[in-house]
Amino acid sequence: MITIRAPGKVILYGEHAVVYGEPALAMAINKYLYVTARARDDNKININARDLRLAGISVTISEGGDVVAKTDYGAVISALSYVKRAIELAMEYLDKKVGIDLEIRSEMPVGAGLGTSAAVAVATILAYAKELGYDIDKRELSRLAWQVEKDVQGSASPTDTTMATFGGIMYIKPEGNNTVMEPVKPGANVPLIIGYVPRISTTKDLVAMVRRKYEIMRNIIEPIIKSIGLITKKGREALEMGDLELMGTLMNINHGLLDALGVSTRQLNDMVYAARHAGALGSKLTGAGGGGCMIALSDRIEVEKAIELTGGSVLRAGLDTNGATIVSND
Ligand SMILES: Nc1ncnc2c1ncn2[C@@H]1O[C@H](COP(=O)(O)OP(=O)(O)O)[C@@H](O)[C@H]1O
Ligand SMILES: C[C@@](O)(CCOP(=O)(O)O)CC(=O)O
Ligand SMILES: [Mg+2]
């Protein structure tokens, strides 16, 4: 039996634009998704995902007290699609099919922009390989997990899977099927507050929504995407110089452009503006949007309170520098 953990991430600059080949700047956070794997002696795959919230349960209670519970089968299968694809690709890559019990736990809200889909893909592939006694190179692990995101999401960048695999702060630029990833050394400590509200849509739907806009009015959407790319490059310089004020200004512009793409919401904007009014140097949504998470560049308690006053929850997280690691191996 083995337990693997993989970190979540926040994107400082560049979400959505990175799906179109622009760079992104991301930081792995010390909040983790855990996968425990135990090989079985049959061919079954048994998945116990404790943190998935599924709507739509129907229960029938008969006279004798028997209870029959039903849930939307399609929704269950779709919710488990990242885990299922991760196992399929791991089996293909290792050319070895063995039944497995998987137990999944997340310290992060699922589907809120912190990259749980990538963390679950990375941790599942690594847990399957290690439980069967194989080593897997981190570059290969991150490539396979990116493939999971591409297959399930339809279109995906390597940002989240790279962060969940390697950790740290990374400048990422997709180049075809390759990923240029450059570790970034910050010139100052970067204080971040994460605020979140529940998200209804998935990353898959939000990425598809931006794609539709891109196809219908490319001459308008493309400059926004390119502009986000320029912000990311400048943001990296600001981070390396430790210029927090410039970083904040760039976050604000980035948020405006994400709003222009249609991926912000009223609740996200409320949190973003409340944080700025309470003294944050900058704030933006992070991840796919549509609800979910925002980040504020600040360490002020007033900023946390302001986010909470809008109805958001606050998550305190620091930097993860290890990426995917073994937690225990019996
Ligand atoms: N703990 C988990 N167990 C099983 N699947 C998970 C878990 N966490 C995330 N996933 C998968 O990832 C999806 C959320 O991914 P996504 O919409 O990309 O949001 P994010 O990556 O920002 O959390 C879930 O709907 C589910 O399919
Ligand atoms: C919107 C996007 O740039 C980031 C999505 O992040 P998350 O799944 O919301 O954590 C998509 C991607 O990079 O594949
Ligand atoms: Mg995701």
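When 37, 75, 69 are checked against the criterion of being open to solvent by less than 60 Å² (accessible area, probe 1.4 Å) and either farther than 30 Å from residue 262 by Cβ or within 16 Å of ligand 3 (Cβ to nearest atom) (or both), a single residue qualifies: 37. Taking the condition crowded, with 16+ Cβ neighbours inside 10 Å, away from ligand 3 (no atom under 12 Å from the Cβ), within 13 Å of the chain's Cα centre (by Cα) and not polar (S, T, N, Q), does residue 107 pass? Criteria met by residue 107.
Can you say whether residue 223 is touching an Asp or Glu at 6+ places or on another chain (Cβ under 7 Å) and either without any contact (Cβ under 8 Å) to a residue 12 or more places away in the chain or away from ligand 1 (no atom under 13 Å from the Cβ) (or both), as far as the supplied structure shows? The answer is no for residue 223.
Screening the candidates 43, 30, 48 for the property of being open to solvent by 30 Å² or more (accessible area, probe 1.4 Å), in a strand (DSSP E or B) and free of Cβ contacts under 8 Å to residues at least 60 places away in the same chain yields one hit, 48.
Applying a threshold of 8 Å to beta carbon distances and a minimum spacing of six or more residues, or different chains, the list of pairs starting in the stretch 191-206 at a residue that is open to solvent by 40 Å² or more (accessible area, probe 1.4 Å) and ending at one that is hydroxyl-bearing (Ser, Thr, Tyr) and more than 13 Å from ligand 1 (Cβ to nearest atom) reads 196/313. Restricting 311, 242 to residues that are of a type in the set (Gly, Ala, Ser) and in contact with an Asp or Glu (Cβ under 8 Å, 6 or more places away or on another chain) narrows the list to 311. The set of residues in the stretch 77-104 being among the β-branched types (Val, Ile, Thr) and within 15 Å of the chain's Cα centre (by Cα) consists of 83 alone. The requirement of being under 24 Å from the mean Cα position of the chain (by Cα), modelled with pLDDT of 95 or more and open to solvent by less than 10 Å² (accessible area, probe 1.4 Å) is satisfied by residue 10.
Of 288, 238, which residue is without any contact (Cβ under 8 Å) to a residue 24 or more places away in the chain and closer than 20 Å to residue 9 by Cβ?
Numbers: 288 fails: without any contact (Cβ under 8 Å) to a residue 24 or more places away in the chain.
Of the residues listed, the single one that is without any contact (Cβ under 8 Å) to a residue 24 or more places away in the chain and closer than 20 Å to residue 9 by Cβ is 238.
The values are calculated or read from the model by the stated rules, or taken from the named source; none is laboratory data. The shown structure was predicted, so the numbers you read here are calculated from the model rather than taken from an experiment. Cβ: placed from backbone, ideal geometry, glycine included. Neighbour counts: every protein chain shown. Quick note on the areas: whole protein, heavy atoms, side chains included, nothing else; ligands and nucleic acids left out. Shrake-Rupley method; radii C 1.70, N 1.55, O 1.52, S 1.80 Å.
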